[in-house]
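The next block holds one structure in the form of structure tokens; read it before the comments.
The values are calculated or read from the model by the stated rules, or taken from the named source; none is laboratory data. None of these values were measured; they are calculated from a predicted model. Cβ: placed from backbone, ideal geometry, glycine included. Neighbour counts: every protein chain shown. For the accessible areas, the whole protein counts, side chains as well, though only heavy atoms, and no ligand, DNA or RNA atoms are used. Shrake-Rupley method; radii C 1.70, N 1.55, O 1.52, S 1.80 Å.
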Amino acid sequence: MPREMHLVGYCCVTPTWHNNGAWRHFESDGIEALNPERYENIARKLERGKFDGMFFVDVLMLNDMHGGSFAPNLRQPGQTWMLEPMQLLSAIARVTTHLGLSATMSTSFYHPYHIARSFATLDHMSGGRAAWNIVTSTNDNEARNFGKDALLDKAVRYDFADEVVEACQALWRSWDEGALIHDRENGIYADPSKVHYANYEGKFVRTRGPLTTPRSPQTSPVLMQAGSSDRGRQFAARWAEVVFTLHADKAHMKAFYDDLKGRVVEAGRDPGHCAILPGIDVVIGETESIAREKADYINSLVSAELGVAEISNAIGVDLSQYPLDKPLHDMEITQGARGMLDLILQGARDKTLRDAGYIWGVRQMAPQVVGTPAMIADFMQEYFEADACDGFIISPSLSPTAYAQFVAGVVPELQRRGIFRNDYRGRTFRENLRDHGGG
């Protein structure tokens, strides 16, 4: 069968996604950030478009790196995380039937038993559509919210995460298939011989088990991951079934794709069981000029100052000490922060910190793809057929309008070209990901 791309909708329980000013747009649903119907509405749209799933990013703190205050991220909210996504997904599971449902949960703060039980429950509630976006967390302030002084060293965090996933896998398998008998005549509900202690003990993690939740339809949720460091890629090669990544151009996407697929093979896994999906932001219009006009207006709502504050939070360096309008090449910025800023600006070192904040505020590090449905489909097809990706994480610059336009316009274009499914073929999230190659 021909290879078909996979699509996952990007979502946060925040006023807006990547574009930090989009919540101000008159069509935006950003002021409904606390209303579960907002996310149910998005999920229904994505399912009509035959998306593989929806993916909730999450952070466990109010960002306050910039100037030592969370005021910038409340005055102009951008991505200010407001609700716990697992509970939202439980509601969304009841209004969808095919869409995969992914939530972020950190291995640094949640015990494997809690993680395993939560996702097994969601998998039961959704009929086999749960996915876990595995993160190790990056900010010490998140650790302080959980009673810790700081995170573990980055390399150690991934070693810790390996053990958390191993422990979860043992817990998910502590109930054999067929353990539930439901024999009313003989009064036997479950076969005790098919339920086992996990007895997992690693260097960092241990759990006795068995899990209280019986084996779920997928046994384990689909595993997602977004690490791009060398250790992060090693972790993804071992575990990830979906990888979310951000790259500004096709060359960087292709290099990442080839490297990670090679690592998956070295880890003894089928590369077709790891779908690599770069994020793209889309602005869609009936004509190219209309699309450009829409993008110009949405981008005019962006706050460069908030963008700088968001960069401070992303790189862990307080950039409030630097003048906004001084060229970056004249600033003595720490090496780690310098590399990130250069990546954001794609080497344009004559830019200012304000420029960097604006670029981040428009699209973070994802390409903003602007055009008609056919033009958006052209972009996606080019990258897909160049083996730079297995599909895309779709982030609309304006929610929910761009979701609806993507489903109504771009999806039929992709289907007409034979590179995206016309209907769901699998019963579970994992089955749909593995259908027709690439993931």
Just to be sure I understand, how many residues within region 143-158 are assigned to a helix (DSSP H, G or I) and crowded, with 18+ Cβ neighbours inside 10 Å? 3
Residues of region 120-156 being in contact with a helix residue (DSSP H, G or I) (Cβ under 8 Å, 6 or more places away or on another chain) and of a type in the set (F, W, Y), which ones? W132
Considering residues that are touching a strand residue (DSSP E or B) at 6+ places or on another chain (Cβ under 9 Å), over 28 Å from R434 (Cα atoms) and either of a type in the set (S, T, N, Q) or without any contact (Cβ under 8 Å) to a residue 60 or more places away in the chain (or both), the number found within region 105-136 is 1
Scan region 159-175 for residues that are within 20 Å of F119 (Cα to Cα) and either under 22 Å from the mean Cα position of the chain (by Cα) or part of a strand (DSSP E or B) (or both) and jot them down. F160, A161, D162, E163, V164, V165, E166, C168, Q169, W175
Failed condition for H196, given (1) more than 19 Å from T121 (Cβ to Cβ); (2) in contact (Cβ under 8 Å) with a residue 24 or more places away in the chain; (3) touching an Asp or Glu at 6+ places or on another chain (Cβ under 8 Å); (4) surrounded by 13 or more Cβ atoms within 10 Å (Cβ to Cβ), with all others met? (2)
So how many residues does region 403-432 have that are open to solvent by less than 10 Å² (accessible area, probe 1.4 Å) and either at pLDDT below 95 or small (G, A, S) (or both)? 0
Residue list for region 351-398, restricted to those being in a helix (DSSP H, G or I), closer than 22 Å to A255 by Cβ and open to solvent by less than 10 Å² (accessible area, probe 1.4 Å): M380, F384
Evaluation of H252 against (1) over 26 Å from L433 (Cβ atoms); (2) surrounded by fewer than 22 Cβ atoms within 10 Å (Cβ to Cβ); (3) modelled with pLDDT under 90; (4) of a type outside the set (F, W, Y) (one fails), failing number: (1)
How many residues are aromatic (F, W, Y) and under 13 Å from P77 (Cα atoms) when one looks only at region 1-56? 2
Please tell me if G178 is more than 30 Å from A314 (Cα to Cα), open to solvent by less than 30 Å² (accessible area, probe 1.4 Å) and either hydroxyl-bearing (S, T, Y) or not in a strand (DSSP E or B) (or both). no
Across region 221-249, the tally of residues that are among the aliphatic types (A, V, I, L, M) and at pLDDT below 95 stands at 3
Residues L345, L341, L328: which one is buried (at least 17 other Cβ atoms within 10 Å of the Cβ) and either at pLDDT 85 or above or more than 20 Å from N19 (Cα to Cα) (or both)? L328
Here are E288, E305, E293, E266: which of them is touching a residue at least 24 places away in the same chain (Cβ under 8 Å), at negative phi, of a type in the set (D, E) and surrounded by 14 or more Cβ atoms within 10 Å (Cβ to Cβ)? E305
